[in-house]
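K.L.:
Please see the structure below; I have some questions.
The values are calculated or read from the model by the stated rules, or taken from the named source; none is laboratory data. As the structure is a computational prediction, the values presented were derived from the model and not from experiment. Every residue, glycine among them, receives a Cβ derived from its backbone with ideal geometry; neighbour counts consider all protein chains shown. Note: accessible area is taken over every heavy atom of the protein model, side chains too, but ligands, DNA and RNA are not part of it. Shrake-Rupley method; radii C 1.70, N 1.55, O 1.52, S 1.80 Å.
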Amino acid sequence: MWDGQSDFWWAEKFTDQNLVSEMLSYSLRQLTGESSDKVAWEALFAHFKTQHGQSGGYRPGEKIAIKVNLNGSKNHHDPKNNNFVSPAVAFVLLNQLVQAGVKPDDVTLYDASRAVPDPLVNACGTAALAGVHFADFIGGDGREPCQRDMNQPVRWSVNPKGNPAYLPTVISQATYLINVSLFKGHTLAGVTLTSKNHFGTLMSDLNGQPTLYPPQGANLHGFVAAYDVHGPSDWSWPQAPMGSYSPLVDLIGHAHLGGKTLLFMIDALYGVESQDAELSNNSRFQSAPFNDHWSSSLLLSQDPVALDSVGADILVNEPATVTHLDVLPKDSTYQNYLHEAALADNPPSKTAYNLPSLGVHDHWNNMTDKKYGRNLGFSEGIELIMG
């Protein structure tokens, strides 16, 4: 276990790879009701095909894009203790896919606005995973640069009055997507989970040049401001109220994003108080069941709204995040996008998203029992299974 000081949190010696594998296996089997990893993955692929009016499962040649949150990684070689998807999680996910019959060359792990760091690439450098692609904003060092698909501009439900935002070809050419977000607060949006993970999928310009900050180029930040943000002129917005348009709904409901997603995941091995924080002992979670430990969890679902609802319930009751008034003040509107997405066919904002409901929004009964609607015997709501 990392002591919060020596070396770096991502060093191989601090994470039990076998335990992370067991965590993912258990979660997949609970999610699918299957008794083995291989059959669980086959069930996910078959369900996806059924939902899209097709039959069968994964076929060689079908591309799988894995969007990992690498927000804290802006170069390949020196990630320090910044936050990014754990190398252990990336390896286990890729390894299970390959063991389930997926061809490594069909898989690309990417973040279009950040850099895939060395620890992640090195962890996945096994013979079994040879051929897996890594793509990022920079390219080089064995990574491929993400390329804009100029035929895939993102259509927003309102005019954000920013620069056009495009999807990368790694997404537009994929059959499937796996969304692997992080577990952290956010000094603008309050929380950042699977939905906001796709801010890192966008490709846009800022000041006439491709940018590491595509949401800023597309002028999206003001729509997700969960409180009044007072900063430099380019980082100041009034609070987006409850019942207002959210671009996150457009991303969740996009045919190439939410529409292609096989599985939504939150890598919560090392939750962190905010997106810019370096991991330290201040990042230990105080609430039960973490009890002054790293958050040490994986969360999985096929419903992005339900998964983000659970992640948000934990974060907004966690001292490591709520004690930061620039992350989750009491009047935060962090859950506006969850209400809008759950009611996308008739949203509180009356925005014409032209989408059906995108998932189930629910809150637990209390932070001790952590029971949601279906846990309490209701016919609707979230069912949270913990193990």
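K.L.:
Can you find a residue that is under 21 Å from the mean Cα position of the chain (by Cα), modelled with pLDDT under 95 and open to solvent by 20 Å² or more (accessible area, probe 1.4 Å) anywhere in the stretch 315-338?
P.N.:
Checked the stretch 315-338: at least one residue is under 21 Å from the mean Cα position of the chain (by Cα), modelled with pLDDT under 95 and open to solvent by 20 Å² or more (accessible area, probe 1.4 Å).
K.L.:
Would you tally the residues in the stretch 214-243 being closer than 18 Å to Leu328 by Cβ and among the small types (Gly, Ala, Ser)?
P.N.:
The total comes to 4.
K.L.:
If a residue must be in contact with a strand residue (DSSP E or B) (Cβ under 7 Å, 6 or more places away or on another chain), among the hydrophobic types (A, V, I, L, M, F, W, C) and under 24 Å from Ile138 (Cβ atoms), how many such residues does the stretch 209-234 contain?
P.N.:
Qualifying residue count, the stretch 209-234: 0.
K.L.:
Within the stretch 82-102, is even one residue of a type outside the set (Lys, Arg), farther than 30 Å from Leu279 by Cβ, in contact with a Ser or Thr (Cβ under 6 Å, 6 or more places away or on another chain) and surrounded by fewer than 23 Cβ atoms within 10 Å (Cβ to Cβ)?
P.N.:
no
K.L.:
Considering only the stretch 203-210, I want to know if a residue exists there that is within 19 Å of Leu251 (Cβ to Cβ), outside any helix (DSSP H, G or I) and open to solvent by less than 10 Å² (accessible area, probe 1.4 Å).
P.N.:
Checking the stretch 203-210: at least one residue is within 19 Å of Leu251 (Cβ to Cβ), outside any helix (DSSP H, G or I) and open to solvent by less than 10 Å² (accessible area, probe 1.4 Å).
K.L.:
Restricting to the stretch 145-186, count the residues that are open to solvent by less than 20 Å² (accessible area, probe 1.4 Å) and either closer than 20 Å to Asn69 by Cα or within 17 Å of the chain's Cα centre (by Cα) (or both).
P.N.:
Qualifying residue count for the region: 18.
K.L.:
Related question: Against the definition (over 24 Å from Leu177 (Cβ atoms), surrounded by 13 or more Cβ atoms within 10 Å (Cβ to Cβ) and either under 23 Å from the mean Cα position of the chain (by Cα) or hydroxyl-bearing (Ser, Thr, Tyr) (or both)), how does Gln30 come out, yes or no?
P.N.:
Answer is no for this residue.
K.L.:
I'd like to check which strands (runs of 3 or more DSSP E) are fully inside the stretch 87-189 and have at least 2 residues that are of a type in the set (Val, Ile, Thr).
P.N.:
Correct list: 107-111, 176-186.
K.L.:
Continuing with the same structure: Output the residues belonging to the stretch 236-279 that are open to solvent by 30 Å² or more (accessible area, probe 1.4 Å) and closer than 17 Å to Asp326 by Cβ.
P.N.:
Hits for the stretch 236-279 are Ser236, Trp237, Pro238, Gln239, Asp276, Glu278.
K.L.:
Criterion first (open to solvent by 10 Å² or more (accessible area, probe 1.4 Å) and free of Cβ contacts under 8 Å to residues at least 60 places away in the same chain) does Ala128 satisfy it? Can you show your working first?
P.N.:
Values: open to solvent by 10 Å² or more (accessible area, probe 1.4 Å): yes; free of Cβ contacts under 8 Å to residues at least 60 places away in the same chain: yes.
Taking the combined requirement at face value, the residue satisfies it.
K.L.:
A further question follows. Only residues that are on the phi > 0 side of the Ramachandran plot and open to solvent by less than 50 Å² (accessible area, probe 1.4 Å): list them for the stretch 361-377, please.
P.N.:
If the condition is that a residue be on the phi > 0 side of the Ramachandran plot and open to solvent by less than 50 Å² (accessible area, probe 1.4 Å), then Lys370 is the only one that fits.
K.L.:
Kindly indicate the residue of the stretch 211-230 that is touching a residue at least 40 places away in the same chain (Cβ under 8 Å), open to solvent by 20 Å² or more (accessible area, probe 1.4 Å) and in a loop (DSSP other than H, G, I, E, B) and also nearest to Arg155 (Cα to Cα) among those meeting that condition.
P.N.:
So, considering only residues that are touching a residue at least 40 places away in the same chain (Cβ under 8 Å), open to solvent by 20 Å² or more (accessible area, probe 1.4 Å) and in a loop (DSSP other than H, G, I, E, B), the one nearest to Arg155 (Cα to Cα) is Asn219.
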